[in-house]
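Shown next, in structure tokens, is the structure this report addresses.
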Amino acid sequence: MVAGGAVPFLAAAYDASAESHATLAQAAAHNRRVYGSAVRIRDVEAEPDYRQAIVHECSLLVPEFEMNWNEIEPAYGQLSFDRIDALVDFATDQGKKLRGHVLFWHLSVPDWATKMLRARPDWGLVTHYVGFVMDRYRELIHQWTVVNEAIDPGQRSDGLRNSIYLQAFGPSYINRAFSLARSLAPNDMLLISEYGLEYDNPEQRARRYYFLKLIERLKAAGVPLDCIGLQGHLDLRLGQISAPAIAAFLRELNDMKLPVIVTELDVKESNYAASAQERDRMVADETRRYLDAVLSHSRCLGVTTWGLSDRHSWIIQVTPQDYARFPGAWKNGESPGVNRGLPLDWEMKPKPMYFALRDALWRNRVRR
Ligand code: 9MR
């Protein structure tokens, strides 16, 4: 093991085929953490340079959407596992770990299921999908996003999202979801994951408050919850992350003996009119601030980014609202290009965010 705080070969230029520098996975492993990314299997199959970067940099993969209920069971009773099987096969062949994502998420409930659950709250409908998925990959997947994005302040006094699950089964659907997952996977790591926890504004303060209250209730009720997923969708339009707010939040989780995983890290840019160099610096700085806050204040088991390269980001587009913030810009036919909020650029070359991420993973010793 290399002593000291510096990542070895930091100055070496990135070349996906070169073995001469520490990868993100290696920097994470230096502190017994895991680094990984969400992937779409179709892109992995179609784009050799992307496939190579994924294989090289990641020790864990997350299906970006292939495991969602609406993907697996698009019509009632018709289960299709082709794409998720291909993704799990790829990961397993390459010796990568997997996170099962996502069992209970309001946006992945198929329309037919929403209709049926509205008409009759049938828990069996839900257990059917979850049972099939968890059983099928029992030997291959040992960590699961069980419940995702359950918080939505402003709807109810407990801060819970008024999702179809809540409407059908009441707030205890979360307890039941975890009990179900535990019964199907007695030794796996079960996560609840949430977004909007990083900034010091009224909305995110409320999100942190209600999320902690929920976690406290779940722990008090003996719900088998092993780890907290912090999505980490950073957003430069909101200013800078609040290190004190994050530290206070993580102290509460530490008191409950709960480890965390950063599950969906990426950065939405704000100033698309700045130079590419400046934009990349702002993204990297925010990434560093965030990871230093999380990694130094928690027992953090790993980081996954929501995609590895800007070519595949779910926030790839610079939106009309973004353009509207810069009247007069790009009049000469130039363009801001795509959002630059992931470690590698469109050409699979590392950007400053890559080095900020790698450095933070290397530098922040693990707390056990
Ligand atoms: O990035 C994902 C996108 O490709 C899918 O179309 C979408 C719907 O399945 O889900 C996106 O991922 C979301 C994740 O599952 C939960 N947190 C927010 C992510 C972005 O919407």
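The values are calculated or read from the model by the stated rules, or taken from the named source; none is laboratory data. Here the structure is a predicted model, which is why all the values come from computation and not from measurement. For neighbour counting, all protein chains shown are included, and Cβ atoms are generated from backbone atoms with ideal geometry for every residue, glycine included.
Results for (1) aliphatic (A, V, I, L, M); (2) touching a helix residue (DSSP H, G or I) at 6+ places or on another chain (Cβ under 6 Å); (3) part of a loop (DSSP other than H, G, I, E, B), shown as yes or no for each residue.
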position	(1), (2), (3)
Pro224	no, yes, yes
Pro244	no, no, no
Phe249	no, yes, no
Asn271	no, no, yes
Ala274	yes, no, yes
Arg279	no, no, no
Val283	yes, yes, no
Ala293	yes, yes, no
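Among the residues making up the stretch 25-50, a single one is more than 14 Å from the ligand (Cβ to nearest atom), surrounded by fewer than 19 Cβ atoms within 10 Å (Cβ to Cβ) and of a type in the set (Lys, Arg): Arg32.
From the list Arg207, Arg182, Arg237, which one is crowded, with 17+ Cβ neighbours inside 10 Å and more than 16 Å from the ligand (Cβ to nearest atom)? It is Arg182. For the condition within 16 Å of the ligand (Cβ to nearest atom), in contact (Cβ under 8 Å) with a residue 40 or more places away in the chain and surrounded by 23 or more Cβ atoms within 10 Å (Cβ to Cβ), Ser313 does not qualify. Just one of the listed residues (Ser270, Ser313) is of a type outside the set (A, V, I, L, M, F, W, C) and within 14 Å of the chain's Cα centre (by Cα), namely Ser313. For the stretch 160-168, check the following and say yes or no: at least one residue is basic (Lys, Arg) and part of a helix (DSSP H, G or I). Checking the stretch 160-168: not a single residue is basic (Lys, Arg) and part of a helix (DSSP H, G or I). The set of residues in the stretch 233-265 being in contact with a strand residue (DSSP E or B) (Cβ under 7 Å, 6 or more places away or on another chain) and either at pLDDT below 95 or farther than 26 Å from Met189 by Cβ (or both) consists of Asp235, Leu236, Arg237. Residues in the stretch 114-159 that are under 20 Å from Ile228 (Cα atoms) and in a loop (DSSP other than H, G, I, E, B): Ile141, His142, Glu149, Ala150, Asp152, Pro153, Asp158, Gly159. For the stretch 83-95, the count of residues that are of a type in the set (Gly, Ala, Ser), farther than 20 Å from Thr305 by Cβ and in contact with a Phe, Trp or Tyr (Cβ under 7 Å, 6 or more places away or on another chain) is zero. Look at the stretch 65-83: where a residue is in a strand (DSSP E or B) and a partner is away from the ligand (no atom under 14 Å from the Cβ) and modelled with pLDDT of 95 or more, sitting 6+ places away or on another chain with Cβ atoms under 7 Å, you get Ala75/Trp112.
The residues of the stretch 59-82 that are over 18 Å from Glu139 (Cα atoms) and either buried (at least 18 other Cβ atoms within 10 Å of the Cβ) or within 16 Å of the ligand (Cβ to nearest atom) (or both), listed by number, are Glu64, Phe65, Glu66, Asn68, Trp69, Asn70, Glu71, Ile72, Glu73, Pro74, Ser80. Scanning for something within 22 Å of Asn31 (Cα to Cα) and polar (S, T, N, Q), does the stretch 320-340 turn up at least one residue? The answer is no; no qualifying residue exists.
The residues of the stretch 84-113 that are in a loop (DSSP other than H, G, I, E, B), under 21 Å from the mean Cα position of the chain (by Cα) and within 16 Å of the ligand (Cβ to nearest atom), listed by number, are Arg99, His101, Val102, Leu103, Val109. Per the listing Tyr173, Tyr195, the residue uniquely touching a residue at least 60 places away in the same chain (Cβ under 8 Å) and within 16 Å of the ligand (Cβ to nearest atom) is Tyr195.
The residue pairs whose first member lies in the stretch 28-51 and is over 11 Å from Leu308 (Cα atoms), whose second member is of a type in the set (Lys, Arg) and away from the ligand (no atom under 12 Å from the Cβ), and whose beta carbons are closer than 7 Å, counting only pairs six or more residues apart or on different chains, are Asn31/Arg365; Val34/Lys97; Ile41/Arg83; Val44/Arg51.
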